[in-house]
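The values are calculated or read from the model by the stated rules, or taken from the named source; none is laboratory data. Fair warning: this is a prediction, and the values are worked out from it, not measured in the lab. Backbone-built Cβ (ideal geometry, glycine too); neighbour counts: all protein chains shown. Each accessible area value is taken on the protein alone, full model and side chains, heavy atoms only, with ligands, DNA and RNA left out. Shrake-Rupley method; radii C 1.70, N 1.55, O 1.52, S 1.80 Å.
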Protein chains: 2
Amino acid sequence: MPAPPTIKEIARRLNISASTVSRALHDHPSIGLRTKMRVQQLAAELKYEPNQTAIFFQQRKTFTIGVILPELSEAFFSAAISGIEDMAGRHQYSVLMGQSHDEEEREKQIVGTMKKHRVDGLIISIAKNTKDYSHFVSLQQAGIPTVFFDRIPNLADIHYVACDMVSGTVQAVKFLLSKGHRVIGMINGPEKLLASRQREEGYIKAMQKHRLKYDPTLVVSSDLTREGTDKAMSKLLSQKRVPSAIVAFNDYVALDAVQFAMKKKYKINEDLTFVSYANLPINHYTAFPPMASVEQFPYIQGQRATEALLEILSDPSSPWKKITLESQLVIHTP
Amino acid sequence: MPAPPTIKEIARRLNISASTVSRALHDHPSIGLRTKMRVQQLAAELKYEPNQTAIFFQQRKTFTIGVILPELSEAFFSAAISGIEDMAGRHQYSVLMGQSHDEEEREKQIVGTMKKHRVDGLIISIAKNTKDYSHFVSLQQAGIPTVFFDRIPNLADIHYVACDMVSGTVQAVKFLLSKGHRVIGMINGPEKLLASRQREEGYIKAMQKHRLKYDPTLVVSSDLTREGTDKAMSKLLSQKRVPSAIVAFNDYVALDAVQFAMKKKYKINEDLTFVSYANLPINHYTAFPPMASVEQFPYIQGQRATEALLEILSDPSSPWKKITLESQLVIHTP
DNA sequence: TTAAACCGTGCAAACGTTTGCCTATCCAAA
DNA sequence: TTTGGATAGGCAAACGTTTGCACGGTTTAA
């Protein structure tokens with residue numbers, strides 16, 4: 001491993017100055033054709049590659065964006081990161097990765113690393129139990145543009161990309177109504193989550209539009225564990241008005257709920273129809289998938305977040321990006 | 001965004017030299033306690049953060065490892081990258097990501113970017129249709145240690161981590177034999193793949209151990225598309241000896257095969273038992289998952305690859321790492 | 001009392017690249 | 001012959017940090 005060739009080296013060999021070499025390599029107009037050729041040829045011969053670390057340092061810019069996600073191995077996030085990487089790559093940006101494992105401490109630490117690496121900007125989906133936002137504020141102070149994505153903190157002036165669950169939920173409930181269901185249950189998530197509130201809002205909205213009265217006992221909440229879902233299900237199925245269809249908070253919940261219902265001898269999607277929110281790529285394959293899923297387009301969200309960030313980077317005075325994608329019901333045709 | 005504080009700035013304010021500040025910040029023994037304190041206090045006040053880009057440049061080391069994978073959104077790879085990130089993070093390394101989308105061109109381009117970024121080392125799972133390895137050779141020339149992982153190129157002197165499918169296949173076939181199956185089919189992948197050869201080898205080995213003769217007509221191959229799998233299945237099910245159990249190349253193939261079999265009114269895991277190789281995290285949830293899966297531990301593979309790379313980085317003279325993990329049969333208890 | 005040892009600090013170079021400004025040469029127009 | 005403008009290229013500083021070496025001062029041992 002001989003030291004890689006540098007501009008200086010080329011300059012020395014050609015008996016010209018480093019600045020000339022640099023300009024020649026960049027096709028600067030004030031360099032004569034002769035020298036330009038000589039430089040470029042020698043550079044090719046030596047397989048010269050610019051030392052980006054030097055350039056990053058000198059330009060105070062790294063052409064790198066940091067991405068902090070809760071869990072890289074979750075289908076939703078890995079789709080998102082795929083979108084991020086594609087869009088970033090298309091614009092010659094690199095992607096630095098970190099996963100918080102939904103822990104606030106780790107998240108703060110990664111933010112620190114990213115800051116030290118002098119990433120040009122960040123895309124973050126915050127950890128579940130992050131309560132303190134000081135590390136995000138410090139990013140603002142440091143002048144590192146940040147686009148939040150999917151899980152966004154409750155702060156005033158931020159850029160974000162998120163997916164509105166209201167519209168998707170309205171579609172989901174309407175779909176069930178159109179299939180003749182009149183008693184529709186919902187297994188929602190923890191009440192403090194924005195995602196939960198949006199789902200409930202959509203549920204109510206759809207019912208009202210159809211001039212049906214909203215029965216709160218049909219909306220139960222699960223802590224998203226299997227036990228929580230089992231509890232929610234047994235509550236739902238033991239009430240006076242037993243639903244003929246259920247909207248589940250997400251695919252994991254739906255699958256738990258399906259298993260519960262199967263144990264109770266319900267015929268899935270006959271006695272009891274399920275609709276869910278997609279995070280698993282499996283509907284194709286499961287024997288009793290939900291009949292329809294509200295799709296959140298993680299890949300596209302990732303792309304849009306990256307796009308937004310790149311725009312901010314090229315125009316730092318650009319206004320707050322508040323991008324909301326519409327979720328959309330996808331009906332599974334078996 | 002005022003310019004972030006630098007060592008120079010601290011030095012100026014304290015009327016001492018930059019070198020003293022640098023040393024004080026690093027707890028260098030030759031700096032007096034008084035100055036050390038003063039420096040560290042001011043640094044804290046100013047929220048000084050070392051400019052890593054300067055350090056990277058100066059140290060010719062970036063504490064960054066590059067990862068190039070075919071597809072970030074595939075469950076197998078996203079699990080792997082999770083392992084990589086965890087292990088890297090534990091050692092204060094960052095991870096730079098790239099996905100090749102299984103295209104040779106893109107792969108080469110990413111290798112170039114990684115080189116320019118001066119990553120300390122690389123972990124690569126090569127693209128399906130990469131035929132030309134020159135970009136990998138150039139990495140060697142540039143002195144960038146590279147650990148290949150799962151999909152490894154056919155080159156002599158390389159580091160790699162892979163998972164041996166032979167042992168897992170032997171276990172899988174044994175498992176089926178122990179369940180009383182005597183006619184066991186296999187849907188294998190394209191014959192040129194190492195992965196396919198290993199599966200067949202395992203199949204034969206297991207049969208021989210049980211003094212059963214190897215019937216080649218029971219091993220058919222699919223191009224891994226649904227159509228290919230359907231074709232393979234219909235071949236398998238229309239022969240004289242119809243298998244009562246099938247070993248499928250992977251989960252995707254297995255699920256396609258299951259659907260095919262269901263259409264033909266087979267009762268899954270009763271008339272026809274399936275065993276597969278895991279790449280989906282869904283066995284828990286599917287109604288008719290394979291009865292068992294050969295697990296390849298992508299997360300662990302990722303970790304081990306990273307471990308290996310870190311060792312190489314700390315001891316560049318270390319010998320070629322050729323790490324083979326044993327695959328292992330996991331029996332799904334419903 | 002002198003020399004040696006030690007302590008705390010500063011100097012300056014180096015890492016590779018870019019860029020504002022200056023200079024030298026040449027040619028043409030006045 | 002002077003002026004003036006291209007044209008082609010060099011100088012040097014700057015980015016922030018680290019580190020080998022030297023320096024002046026104080027203490028310690030002989």
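Give the accessible surface of the stretch A:28-96 per residue, rounded to a whole number of Å², with probe radius 1.4 Å and ligands, DNA and RNA excluded. Spelled out: the 1.4 Å probe surface of the stretch A:28-96, per residue, equals 47 Å². In this simple spin-label model, placing a label point 7 Å from the Cα along the Cα-to-Cβ direction at both B:TYR214 and B:HIS26 gives a separation of 6.0 nm.
Under the criterion of Cα pairs below 8 Å and six or more residues apart, the relative contact order for the stretch B:7-50 equals 34 percent.
With an 8 Å Cα cut-off and a minimum separation of 6 or more residues, compute the relative contact order for the stretch A:168-319 in percent.
Across the stretch A:168-319, relative contact order equals 21 percent.
Axis of helix A:251-263 versus longest Cα principal axis of chain A: the two differ by about 30°, to the nearest ten degrees.
In this structure A:TRP320 has an accessible area near 110 Å², from a 1.4 Å probe over the protein heavy atoms.
Candidate cross-link partners of A:LYS8 among the lysines, defined by an alpha-carbon separation under 19 Å and a same-chain spacing of 8 or more, comprise A:LYS36, A:LYS47, B:LYS116. For the stretch A:7-50, the alpha-carbon coordinates run over 23, 17, 16 Å along the three principal axes, in decreasing order.
On a 0 to 90 degree scale, rounded to 10, what angle separates helix A:75-90 from the longest Cα axis of chain A? The angle comes out at about 30 degrees. The base-10 log of I(q)/I(0) for the stretch A:165-295, evaluated at q = 0.11, 0.12, 0.22 Å⁻¹, reads -0.31, -0.37, -1.45 [Debye formula, identical scatterers on Cα atoms, solvent excluded]. Separation of the alpha carbons by more than 24 angstrom is noted, of A:LYS115/B:LYS108; A:LYS192/A:LYS235; A:LYS61/B:LYS115; A:LYS263/B:LYS179, for A:LYS115/B:LYS108; A:LYS263/B:LYS179. Take every Cα pair under 8 Å whose residues are at least 6 apart in sequence, average their separation, divide by the length of the stretch A:98-152, and the relative contact order is 40 percent. Of all beta bridges that DSSP places with both ends in chain B, some 10 percent have antiparallel geometry.
The alpha carbons of the protein assembly as shown occupy a box of 81, 68, 55 Å along the principal axes, longest dimension given first. Taking every DSSP beta bridge that has both residues in the protein assembly as shown, what percent is antiparallel when rounded to the nearest 5? Among the beta bridges of the protein assembly as shown, antiparallel pairing accounts for roughly 15 percent. For the pair B:GLU105 and B:SER234 in one chain, pulling the backbone fully straight at 0.36 nm per residue adds 42.7 nm over the alpha carbon distance.
Copy-to-copy label distances for B:SER19, where each label lies 7 Å from Cα along Cα-to-Cβ, are 2.9 nm in order of increasing length.
Other protein chain C-beta atoms within 10 Å of residue C-beta, averaged over B:219-228: 0.
Springs between Cα atoms under 10 Å define the GNM used for chain B, and in it the highest mean-square fluctuation of B:PHE175, B:PHE57, B:PHE136 occurs at B:PHE57.
Please list B:HIS332, B:HIS159 from largest to smallest accessible area, probe radius 1.4 Å, with all protein chains kept in place.
B:HIS332, B:HIS159
Remark: label point of B:ASN154 defined 7 Å out from Cα along the Cα-Cβ vector; separations to the same position in other copies 6.0 nm, ascending. Counting Cβ atoms of other protein chains within 10 Å of each residue's Cβ and taking the mean over peptide B:92-98 gives 6.
When the Gaussian network model of chain B links Cα atoms closer than 10 Å, the mean-square fluctuations of B:LEU69, B:LEU237, B:LEU122 top out at B:LEU237.
Placing unit charges on each Cβ (+1 for Lys and Arg, -1 for Asp and Glu) gives chain A a dipole about its Cα centre, and among A:ILE55, A:SER30, A:PHE136 the Cα reaching farthest toward its positive end belongs to A:SER30.
Rounded to 0.05, the FRET efficiency of the A:GLU191 and B:LYS322 pair, given R0 = 60 Å and the Cβ-Cβ distance, is 0.65.
FRET efficiency for the A:SER314 to A:GLN141 pair, using the beta carbon distance and R₀ = 22 Å, is estimated at 0.55. Within the accessible surface of the stretch B:109-243, defined with a 1.4 Å probe on protein heavy atoms only, the carbon and sulfur portion equals 51 percent. On the beta carbon distance between A:GLN92 and A:ARG12, with R0 = 41 Å, the FRET formula returns roughly 0.85. Distances between equivalent label points of B:PRO316 across the copies, with each point positioned 7 Å along Cα→Cβ, amount to 3.7 nm, shortest listed first. Of the trypsin sites (Lys or Arg not before Pro) found in the stretch A:146-251, those in coil by DSSP whose Cβ has at most 15 other Cβ atoms within 10 Å are A:LYS179, A:ARG182, A:LYS192, A:ARG211, A:LYS213, A:LYS240, A:ARG241. In this assembly, the B-A interface accounts for approximately 4200 Å² of buried accessible surface in total, computed with a 1.4 Å probe and without ligands, DNA or RNA. To the nearest ten degrees, helix A:104-116 and the longest principal axis of the Cα atoms of chain A are 20 degrees apart. Residues considered: A:GLU105, A:GLU49, A:GLU270. Largest GNM mean-square fluctuation over chain A, using C-alpha springs under 10 Å, is found at A:GLU49.
Note on A:GLU85: accessible area approximately 10 square angstrom, rounded to 10, probe 1.4 Å, nucleic acids and ligands left out. Segment B:LYS128..B:ILE300, full-extension length gain: 59.7 nm, with 0.36 nm per residue of separation and the alpha-carbon distance subtracted. Using the 1.4 Å probe convention, the accessible area of the stretch B:188-334 works out to 50 Å² per residue with neighbouring protein chains retained. Ligands, DNA and RNA aside, B:THR130 has an accessible area near 10 Å² when probed at 1.4 Å.
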